[in-house]
Each structure stands twice: as C-alpha cells, then as structure tokens.
Amino acid sequence: MKKLINDPQAVVAESVEGFVAAHADLVVSSGDEEKLFVSRAGGAVSGKVGLVSGGGSGHEPLHAGFVGLGMLDAAVPGAVFTSPTPDPIVAATVAADGGAGVLHIVKNYTGDVLNFETAAELAELEDVTVTSVIVDDDVAVQDSLYTAGRRGVAGTVLVEKIAGAAAERGDDLEAVAAIATRVNENVRSMGVALTACTVPHAGKPSFDLAEDEIEIGIGIHGEPGRERIPAASADEITERLLTAVADDLQVASGDRLVLLVNGMGGTPASELYIVYRQARALLEQRGASVERSLVGNYVTSLEMQGASVTVLRLDDELLSLYDAPVHTAALRWGA
Amino acid sequence: MKKLINDPQAVVAESVEGFVAAHADLVVSSGDEEKLFVSRAGGAVSGKVGLVSGGGSGHEPLHAGFVGLGMLDAAVPGAVFTSPTPDPIVAATVAADGGAGVLHIVKNYTGDVLNFETAAELAELEDVTVTSVIVDDDVAVQDSLYTAGRRGVAGTVLVEKIAGAAAERGDDLEAVAAIATRVNENVRSMGVALTACTVPHAGKPSFDLAEDEIEIGIGIHGEPGRERIPAASADEITERLLTAVADDLQVASGDRLVLLVNGMGGTPASELYIVYRQARALLEQRGASVERSLVGNYVTSLEMQGASVTVLRLDDELLSLYDAPVHTAALRWGA
Amino acid sequence: GSLGVAWARAWVEASADVMRQNRMALIDLDRAIGDGDHGENMDRGFTAVLGKLQSTETETIGDVLALVAKTLMSTVGGAAGPLYGTAYLRASKAAGTTLDAAGVADVLEAALGGIVARGKADREDKTMVDAWGPASEAARDVARAGGSGVEAVQAAAEAAQAGAVATEPLTARKGRASYLGARSVGHRDPGAQSTALLLDAAAAAAREGERG
Amino acid sequence: GSLGVAWARAWVEASADVMRQNRMALIDLDRAIGDGDHGENMDRGFTAVLGKLQSTETETIGDVLALVAKTLMSTVGGAAGPLYGTAYLRASKAAGTTLDAAGVADVLEAALGGIVARGKADREDKTMVDAWGPASEAARDVARAGGSGVEAVQAAAEAAQAGAVATEPLTARKGRASYLGARSVGHRDPGAQSTALLLDAAAAAAREGERG
Ligand SMILES: Nc1ncnc2c1ncn2[C@@H]1O[C@H](COP(=O)(O)OP(=O)(O)O)[C@@H](O)[C@H]1O
Ligand SMILES: Nc1ncnc2c1ncn2[C@@H]1O[C@H](COP(=O)(O)OP(=O)(O)O)[C@@H](O)[C@H]1O
Ligand SMILES: [Mg+2]
Ligand SMILES: [Mg+2]
Ligand SMILES: [Mg+2]
Ligand SMILES: [Mg+2]
C-alpha cells in the first residue's frame, strides 16, 4: 500500500483540515475531533430547512464537497468506510438547523441507518425536528424485505443537489423530504470495479481481483460486487450497467434524464467519457433524451479504478431544481 | 492492463466524442479524425485573441476541459502522450481566430514545441497571426541551455486561465502573450508518483516501481522522475516538493500565492487535501499568504497515483484575471 | 461461582486485549464479505472503553456495561457500533449486583434483544445474532441445570464460538455481506466472530476471578 | 550499384515492415528513458506511409521521400514526427534520379542537417543524431573510396546501428530522456535505434535490388 498519507488513523482529520483550509470561503470544520463535521461558512440559514448528510469517509467529494449554497448545510465524515457515530451527527444537525428543521440524507447501509436513527432521536431532544430520507439507488443489489435492501451510491449526489435546491427556495421540511424521496424513487445506479481499493488502516486491498477480471455491481466501500466476470470492453461493460439501470427504472421513450457517469477515484477522465458516450447512446436508442450530464469523480471508493452509471428521470420541477444555483467545492453553477 | 476502453487506438476519438456530447453547451469537436480538435460551441469570438493549446492526450481535463469562456478557444488532443501533428493544430488555430490573432500555449516538450512551431508557420500562410508562449514550470528538471529545458506541467492550467481572462477582457495578442509569459515566469511545479501509468497502446506500465518506492520529480507522461526514493509520509513528500518549488520561485514573506495541488489521475481527493494542508502550512511558515487554491485533477497522467504541487506568485493584475469569470468543463466560476 | 463488578472490569480489560490481538483477523473476515473495517472499528472502540474505564469508578456490573455501551456507541460507528452499543446498554440494565448462571443468561438475552430490536436480523441471517443467540441459550441451559455463573459464561463463550463457525455455510441476509448473496457462503461473519471473542474474554475473566 | 526509384519504394515497404516488427522493442526502449510511445508513433506513421505509397505514382526517389516526409509529419506527432519529417523532406530535395555512393552520402547528410536544424542536438546528446551522423560519414567514406551506392547504404546502416548502440553509455541532453539526467545512462536511445532500423531496411532493399 502506497498512499499520500501520514498516520493512517489521522487520514480523515488531516484531510478535512486541508479541505476547509482550501475552501474557507465555503466551509468550516467543527474542529472537534470527537464530533467532526463540516458546515457552511456562514452558519445555518435562518428559516431554511437544513440538510445534513454523512457516512464513512473515502467517498470524496461526497459529502463535504457538497456543502454550500443550494446543497448541504453540513456533512459528517466517519472513519474511512465506517459510518460516523451519533454524536457528531447530532452536533451537525444542531448546527444546520435554521429553525425550520433538518433533513437527514442517509445512504442505505445498516451502519448509516442505525447511527443516523439514534442521532435523529437525540437531536429531537435538543428541539430540532428531523426527518430522514434513505437513499437506495444501487440496482446491483436485490431489493428485498428480507435483506439490508439496496445500497445508496452515486444517486445520493442528485438527491442532495435537488433537495438542496428545494430547501434553498424555501420549501418546508415535509416538502424538501418529499422532493428528496421523489428523486430517490426516480434514480438508479450500478457500478463496476477494475481494481480494489485499500483502506488505510487495513493496509491490504479490499478484495483480490485477477489481472483479467472485473467486479460488476461493486459497492462504494470496497465490498465485493454482484459477480466477477472476465475483463471486457468499455462498451460491453457500460451496456451491462446501463441495461440494469434503465430496465429497473423502466426508462421509456420520451423520458428526460440526467446521466451521471461517476468515477470510483482511480479512473482517468478519458475513460469516464468513453463510458458516457456508450451510456448516452444506449439511452437514446430507447428514445429517451439526456437533458443534463455529469461526468467525473463524485462518489468514490478511495483509489479504486472503475465507474458507475446513474440515471435520474426528470420532470419539470426536478429539472428546474437541478438547474438552480449551487456553489460547493465539488459542484458549482449559477452562483 | 485493465482499462475502461474499447480499441486502444480509438481511445482519444471516443473519449472526445463523449466529452463533447456531455458538454455540448460549451464545446464542439471538429469531427475530423485527421484534424481532431475541440473548440468553443459558439465558434471564434470576433475581435478577441484566440487561445489554442494542445498536446498528447492522457492529461485530462487538460486541455479540452479548459475550453470555454475565459479560457481556451480550442484544444488539440494528440495520441496518448504524443504531441499532435501540425495539421490539426493549424485547423484549430484557424478556427480560433477571431481576427485578433491566436496565442499558442505550448508545454515545453521537444515534440510539442516542434509541432506547434510548424503549425504556427503554416497558420501564418493562412493569414492568422500566431504568437507562442512556452510553459516550463517543472523544477524537477534542470534548466539548462544544453538540454531540452524544463517541462510544462500543471502550471499550464494557470497560464491558460489567466491568459484566457486577459484575452476575454480585450487585450491584444502582444498583451495576452505578455500576461501568459508573466504567469509562466511566476509559476513553479514539482510532482511525485506512487505508481506508474499504462499507455493503452503500450499495454505495460511506463516504469516499474517497487511497493516501497516512489518517483520524485515525475513528469506527466509516465516518464521516470528525477530520483527514486523509499516511500515516505505525505508530509515528508510534500515538504520535498514544496521546498523545491518555493526555493526556485524564491517565495518570500508577504508574497501572495495561488496554491494548486494537482492529482495525477489515480489519487483520492482526500490524499490531495492532506498534501494541500502541509504545502499551505509550509508556505505560511515562509510568511507568504495563500490567496487562492485549487485541489483536484487538473493535469493528469492517466491513472497514475501521485500529485504535484504548483505555486504561482500573484500581483494585483494576475489575481484579478485569476478571479475573472471562467466557464469550462473542468473549471468554472463567476459565470 | 458468581460474578461481580471486578469480573466486569476484568472482562472489559480482556476484551480490549482480544480486540487488539484480533484486529487484523477481523479485518480479514470483513474484507472477504464486507468492507474490511470491523477489526479496526472494534479495536478503536475497546481502546476507548479501556481508557474510560481506567479513569472511572464503577460500583456495579451495570455501571461497567453502561460505560462500555456509551463508549462503543460514540467511537465504533458502522453497523457494529449501534448494535454492540445497544447490546451492552440492555445488558447493563439487566445486570444485578452479582450474576449467577440465571443472571448471566438474563444479561445475554437482554443483549441479544437489543441487537434484534435495532438490527432486525433473524437467526441464520449470518450476523452477530448467530453468536449471541446460541450463547444466551447455553447460559440458560446451565442455569436450568443448576450450574454456576462462571460455568454459564464458559458455556456461552463456547456456544458463541460454535455459532460463529456455523455462520460459514450461511447466505447473508442482513448487513453488508447480504449484498454478496450466494457469494457470502463459505465465509465466517466478522460480527459473530467478534462476539465469540468478547464472550471468550468474559469466560477467561471469570476463570481468572475463580482462581484469583 | 546505383539506386533508383524502385529501391526507394522498396525501402519504404521494408521500413513499414521493420517498424511493425520492432514496435514493441522501440516502445520498451522509450519506456525506459522516455514515455513509451516511440514504437507506436513510428508504426502508425509508416503504416500511413505505406497506404499512401500504394495509391501514389512516384517518378523519382525525391517523390518517394517527399511523400514519406509529408505523411510522417502529419501522422507521427511527438518529437520524432517533425524530426523524421524534416529529415525525409531535406533528403527528398537532395536526391537525384539515381544515387551512387556520393548521392547516398548527400541524401544522408541532408537528412542529418534537417534533424539538427529542427532539434538542435549535438553529437553525443543521445538522440537519433548519433545514428544519422555516423551513417552519413560512413556513406561519404565509401564514396571517397570509390564504392557503389549499394555499398554506401550498407555501410551507413552498419554505422547507424553502431551509433545507436554507442548511445547506451551516454547521458541524454536533448529530448525527453534528458529529464532523467544521469539515470539515462545504460539505455539505448529509441530514436537512434529506429534510425538504425530504417537504414537497415534501406540496405536490405538495396541488396534485394542488386539480386532482383
Ligand atoms: N442487521 C444486523 N443485525 C445484526 N448484526 C448485524 C446487522 N448488520 C450487520 N451486523 C453485524 O455487523 C458486522 C459488521 O460490522 P462492521 O464491519 O463494524 O460494520 P459495517 O458493516 O458498517 O462496516 C457484521 O459482521 C454483522 O455481524
Ligand atoms: N532535439 C532532438 N534532436 C534529435 N532527436 C531528438 C531530439 N529530441 C528527441 N529526439 C529523438 O526523438 C526520440 C523520441 O521520439 P518519440 O518517442 O516518438 O517522441 P516523444 O519524445 O515526443 O515521445 C528520441 O529517442 C530521440 O532520438
Ligand atoms: Mg464499515
Ligand atoms: Mg511522446
Ligand atoms: Mg465492516
Ligand atoms: Mg516517446
């Protein structure tokens, strides 16, 4: 394992320190190592619903990179690939509350769900009204009442963007939660890994992949995927991902879409655009139109090589919220 | 070698196809495989000095990701790590000319210099006035009359940004070239690689690095660096890079700086922020102040793991040009 | 044969020890069917617990277990943090001043109840429930048979280890391993194994207490 | 013993062949002290040249070499593209209808002059100049000694190969290998090697022409 890090235990703290120093116009850190969170430089916006997300670190720019105007109010980074504990979530929730309540955007992992659940209860004790929306867009995982259900992956960015815009325009907590839920219902993702990643404190790759194998349906925590198949061309891999996503979402002719091709951290941009090219072509073959696109590293797995394809079905309102101004470290337009 | 590609020979063409499809609001492709270039969607801006850059592919988002308002007018992607030939450079130059002449921003590699040189001569035959600025910010390489001189690396982004702003405000060709030269004179960079990268058509890593070795002073073409040393902590590596950069630039107390920590393509954002944290601290120890920061993948070497540190000394004019609006696929603010 | 606050403190110390020693083994189990952090999480948690314990007076078993609960909840994170946190919290409430075999069974059942309440896993879902379940049953059996508290802990530890081993052929239906479906077969659940290790530490502390 | 347009065409065909066959070897030389693309660049260039040649009538050696020049210039890129492009362009201008030994020497000197004009490398800078230089001198020697055109090409090819080998102990001062400084020592310059291969193709074509 070679990484640009110092003490493996200090990775998150040092990285957040660098992050808030580099983006001091946008964000501040709580500074408290026991209750570490990142929030908007200006503090809570009075009267606005606060948006808080978080989860294990290692997925940067998620979530701290999306704190700012039109998106999150606070982000809580756990240890690498480990959900944060309730305490910092509570602290972030209190900090994000502008009096209109706080929406927790939680990716569907047992750990995230349980820790945010406890935090929500504790925050209510501090007189903050909390509603939670669970993001579960990963079609690689079978959705079933008898399992942990689908994971939340790159679709989370679109939930955060669009719910953030709803909060910014003044929607109340219930309405923001409803928008977030609507985005989650209309977004699907699936990913592939060409290589594993190495968690700093583990010091070994999260799984072993032969030189001619890839993992289809990979999660964002270095957890193994749905199946291991022989390496294939970008077009073939993309077709596999896109087909699973579009079938599950039942993409139909006339649908207006956002297409997000997300890098897992170690993939060159040029390869993401090759994936994008094919994904878009396949969507257009279905008669759908790609109205907006994002291509880049948004929800990563450390230095993993690979990509995920996310499709969101738009309606007029979602599109206008998507287009609304956003100014964060990792996403910026209109502001 | 596992990559998200189809035919290794088609990587550049397919990637550019995806890129212009994803950013159709900003850019178009010439479409001509023999004379491939990317230019602003609106065409040349009448009366404005045109900015053209280019070079081997594999450094994305450089250069096509910087085509748009306030930055480049056209970018010419060669084969992976191979300077483009004169023909597409000429075509891009003609396309970028709004009647006020064209500035070529050329990274200092023998191939780039020679091909742009020929292209400039040929473009003059088509009645386009061309001036060239050579970027050579890499302090890892000894500057000497008797060698190829220093390489152009991540500092190129700052040259393109600031010269682009000068062109956008209406400076004439000579003035834009003077600004570009001033940026180049005030910018220095140095990089490190933890892993090599693999050129698609070569199919093998560009060099072999043991599990406990790193390359200091790496170039952006997978060419080996200045020296190979045992793996070290992020803080130690950063100090090595920053010291070389700051000494060469003679950073002094009171200097106002841009600090760019650039990822080589396969490095997690979290690690870049750890490097940033230390680089900034060391600059502040020298009494300098970091006025603006960029942290991310700007000038990459495919999937190489590693980073480079770039420091630009600002004056009032350079700062205001840096802050001027820019709207490209990879850099956006104020527009 | 009964267990008191000294045992509880010794258990925590032994737990911190065993988590440190098995850190990499648990990471490796979690790498296979999860995300490779379980050993790190538990080690971080019990290191913190040990620190807290050393600077805290405790009068009852319940005090000790409550301290463990709070500290794990606020330092472990992930799925294991809230689950173990709730387990120890419920256990702390169930614990009397000293534990005979029935008391041990009550405590383990309370812990199990907390885990199930939070995680909603059934037996054979390939989670830590598959260690806590057999453990509490074994303790209850010892109580019914008239054995001692120490014997109950010993039986619980053995049953937990057997339960952890028995997760190997199962297909995971809860937690991160469930994403793997059939590919989770053949691997031991890391949380079940950490449970077995913790109960083994409990048994070792009990045996030490007998001797000392 | 003189060389005409048929030889020039045969040379190009042999060149395309030899670049294809040595693609990976040249990539490997360039990986060691450069960026690993020289074999790919040369193969791409000469594949294009071959295609063009097959669809183009050529009357003189100069026609053939001019076509090579233009095509390399517009397909190779990198440092080698303009350098070889200029070399063949100057060579095409220097070439008479047939080449005796002096004619061969003139052509090679012209090529060398083009490369030096563009690349500003001196001898022993560890570049293709270290192959073209000895090659043109060897051809001139043959001419002075009264040898034939075929003999001149043969001698040039041998000198180029020796020159390429002789780059190994040198420290690079031009091109990408110069970034390595002392670490470039011990590796053969890829461009010098491709020059040697091209001149070897020229000699092979000349021998074939003698026989045929
Ligand atoms: N729903 C659940 N019920 C009971 N135990 C669970 C549940 N989900 C996960 N676990 C336990 O948690 C363990 C994983 O803990 P850990 O690796 O620390 O957290 P994470 O899965 O968040 O990375 C699993 O091995 C399993 O025993
Ligand atoms: N200034 C120069 N003069 C002569 N030859 C040069 C010069 N610079 C580079 N070369 C030659 O070019 C070769 C490299 O070509 P190539 O790998 O195709 O281009 P690049 O270096 O741009 O990747 C070197 O091996 C060397 O022989
Ligand atoms: Mg985890
Ligand atoms: Mg090259
Ligand atoms: Mg885990
Ligand atoms: Mg090369």
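Brief remarks follow.
- Residue that is farthest from ligand 5 (Cβ to nearest atom), among those in segment A:76-118 that are touching a Pro at 6+ places or on another chain (Cβ under 7 Å) and more than 20 Å from A:Val28 (Cβ to Cβ): A:Thr118
- First in segment B:305-328 and at positive phi, second anywhere and of a type in the set (Gly, Ala, Ser) and at pLDDT 95 or above, Cβ under 8 Å, 6 or more apart: B:Gly306/B:Gly191; B:Gly306/B:Ala193; B:Gly306/B:Gly263; B:Gly306/B:Gly266
- Scanning segment B:198-229 for residues that are among the β-branched types (Val, Ile, Thr) and either touching a Leu at 6+ places or on another chain (Cβ under 9 Å) or within 12 Å of D:Ala32 (Cα to Cα) (or both) yields B:Thr198, B:Val199, B:Ile214, B:Ile216, B:Ile220.
- For B:Thr118, the criteria (1) surrounded by 24 or more Cβ atoms within 10 Å (Cβ to Cβ); (2) farther than 30 Å from B:Glu303 by Cα; (3) within 16 Å of ligand 2 (Cβ to nearest atom) hold in every case but one, which is (1).
- A:Val106 fulfils the conditions (1) among the β-branched types (Val, Ile, Thr); (2) crowded, with 23+ Cβ neighbours inside 10 Å; (3) assigned to a helix (DSSP H, G or I) except for a single criterion, (3).
- Any chance B:Ser39 is in a strand (DSSP E or B) and touching a His at 6+ places or on another chain (Cβ under 9 Å): no
- Subset of segment D:7-56 [within 13 Å of ligand 6 (Cβ to nearest atom) and of a type in the set (Asp, Glu)]: D:Asp28, D:Asp30, D:Asp35, D:Asp37, D:Glu40, D:Asp43
- Per-region count, segment B:47-86, residues surrounded by fewer than 24 Cβ atoms within 10 Å (Cβ to Cβ) and within 14 Å of another protein chain (Cβ to nearest Cβ): 2
- The residues of segment B:114-141 that are touching a Phe, Trp or Tyr at 6+ places or on another chain (Cβ under 7 Å) and within 12 Å of chain D (Cβ to nearest Cβ) amount to a single one, B:Val141.
Okay, residues lined up against (1) of a type in the set (A, V, I, L, M); (2) closer than 20 Å to B:Ala75 by Cβ; (3) surrounded by fewer than 17 Cβ atoms within 10 Å (Cβ to Cβ):
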residue	(1), (2), (3)
B:Leu125	yes, no, yes
B:Ile134	yes, yes, no
B:Tyr146	no, no, yes
B:Val153	yes, yes, no
B:Val157	yes, yes, no
B:Glu160	no, yes, no
B:Glu168	no, yes, no
B:Asp172	no, no, yes
B:Ala177	yes, yes, no
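- Total residues in segment A:27-46, condition of a type outside the set (Asp, Glu) and within 11 Å of another protein chain (Cβ to nearest Cβ): 1
- B:Gly111 more than 11 Å from every other protein chain (Cβ to nearest Cβ) and over 15 Å from the mean Cα position of the chain (by Cα): no
- For A:Leu318: the one exception among (1) more than 10 Å from every other protein chain (Cβ to nearest Cβ); (2) modelled with pLDDT under 95: (2)
- Check on A:Gln305, surrounded by 23 or more Cβ atoms within 10 Å (Cβ to Cβ) and either in the same structural domain as A:Ala21 (by TED's automatic domain parsing) or more than 22 Å from the chain's Cα centre (by Cα) (or both): no
- In segment C:147-198, the residues that are on the phi > 0 side of the Ramachandran plot and touching a residue at least 24 places away in the same chain (Cβ under 8 Å): C:Gly175
- Test: residue in segment A:14-34 that is free of Cβ contacts under 8 Å to residues at least 24 places away in the same chain, away from ligand 5 (no atom under 16 Å from the Cβ), at positive phi and of a type outside the set (Ser, Thr, Tyr): yes
- Test: residue in segment B:2-15 that is assigned to a strand (DSSP E or B), touching a Gly at 6+ places or on another chain (Cβ under 9 Å) and surrounded by 19 or more Cβ atoms within 10 Å (Cβ to Cβ): no
- If you go through segment B:116-146 and keep only what is part of a loop (DSSP other than H, G, I, E, B) and more than 16 Å from B:Ala307 (Cα to Cα), you end up with B:Glu126, B:Asp127, B:Val128, B:Thr129, B:Asp136, B:Val141, B:Gln142, B:Asp143, B:Ser144, B:Leu145, B:Tyr146.
- Just one of (1) part of a strand (DSSP E or B); (2) away from ligand 4 (no atom under 16 Å from the Cβ) fails for B:Gly99. It is (1).
- Hey, B:Ala246 more than 10 Å from chain D (Cβ to nearest Cβ), of a type outside the set (Val, Ile, Thr) and more than 22 Å from the chain's Cα centre (by Cα) or not: no
- Scanning segment B:147-176 for residues that are in a helix (DSSP H, G or I), within 15 Å of B:Val311 (Cβ to Cβ) and of a type in the set (A, V, I, L, M) gives B:Val157, B:Leu158, B:Val159, B:Ile162.
- Qualifying position, being of a type in the set (Val, Ile, Thr), crowded, with 21+ Cβ neighbours inside 10 Å and more than 16 Å from ligand 6 (Cβ to nearest atom), among C:Thr195, C:Thr171: C:Thr195
- Members of segment B:227-264 found to be touching a Lys or Arg at 6+ places or on another chain (Cβ under 8 Å) and among the polar types (S, T, N, Q), listed by number: B:Ser253
- Failed criterion for D:Trp11 (all others in (1) away from chain B (no Cβ under 12 Å); (2) over 22 Å from D:Gly103 (Cβ atoms); (3) out of contact with any Ser or Thr (no Cβ under 7 Å at 6 or more places or on another chain) hold): (2)
- Candidates in segment C:69-107 are the residues that are charged (D, E, K, R) and without any contact (Cβ under 8 Å) to a residue 40 or more places away in the chain; of these, the one that is nearest to the other protein chains (Cβ to nearest Cβ) is C:Lys70.
- Candidate set: segment A:198-220, residues that are at pLDDT 90 or above and within 14 Å of ligand 5 (Cβ to nearest atom); chosen: the one farthest from the other protein chains (Cβ to nearest Cβ): A:Ile220
The values are calculated or read from the model by the stated rules, or taken from the named source; none is laboratory data. For clarity, every value in this text was computed on a predicted model and none was experimentally measured. Note that we place each Cβ from the backbone using ideal geometry, even for glycine, and neighbour counts take in every protein chain shown.
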